[in-house]
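Report on the following structure.
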Amino acid sequence: MRSTKEFLKDIREKSVDELAKLLKEKKLHLFELKLKFKTQQLTNPNEITQTRRDISRVLTLMKEKENSNA
């Protein structure tokens with residue numbers, strides 16, 4: 001898995017549309033992780049926390065870009 005710094009560097013270069021697409025993918029991934037957790041198929045429950053934090057980072061960056069354009 002990528003480090004947080006690499007993830008931030010990568011998403012800062014994306015446009016708002018690309019961030020929206022990434023957000024949708026991350027939310028779907030979170031849903032799948034929760035499903036695996038409930039069925040006891042998830043080997044690393046920390047993935048759920050990491051994905052939630054990634055979603056928050058994407059949302060924060062989207063808000064920053066929207067506010068800077070307004």
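The values are calculated or read from the model by the stated rules, or taken from the named source; none is laboratory data. Being a predicted model, the structure only gives us computed values, none of them experimental. Cβ atoms come from the backbone with ideal geometry, glycine included; neighbour counts cover every protein chain shown. In case anyone asks, the SASA skips ligands and DNA or RNA and just uses the protein heavy atoms, side chains included. Shrake-Rupley method; radii C 1.70, N 1.55, O 1.52, S 1.80 Å.
Quick notes on this one:
- Odd one out for residue 41, checked against (1) exposed (fewer than 11 other Cβ atoms within 10 Å of the Cβ); (2) under 14 Å from the mean Cα position of the chain (by Cα): (2)
- Test for residue 7: is it without any contact (Cβ under 8 Å) to a residue 60 or more places away in the chain, open to solvent by 80 Å² or more (accessible area, probe 1.4 Å), on the phi < 0 side of the Ramachandran plot and of a type in the set (Phe, Trp, Tyr): no
- Among the residues making up the range 36-68, those that are of a type in the set (S, T, N, Q) and in contact (Cβ under 8 Å) with a residue 12 or more places away in the chain are 50, 51.
- Residues (part of a helix (DSSP H, G or I) and in contact with a helix residue (DSSP H, G or I) (Cβ under 9 Å, 6 or more places away or on another chain)) located in the range 13-35: 16, 18, 19, 20, 22, 23, 26, 27, 29, 30, 33, 34
- When we screen 47, 66 for residues that are among the acidic types (Asp, Glu) and closer than 23 Å to residue 5 by Cβ, the only hit is 47.
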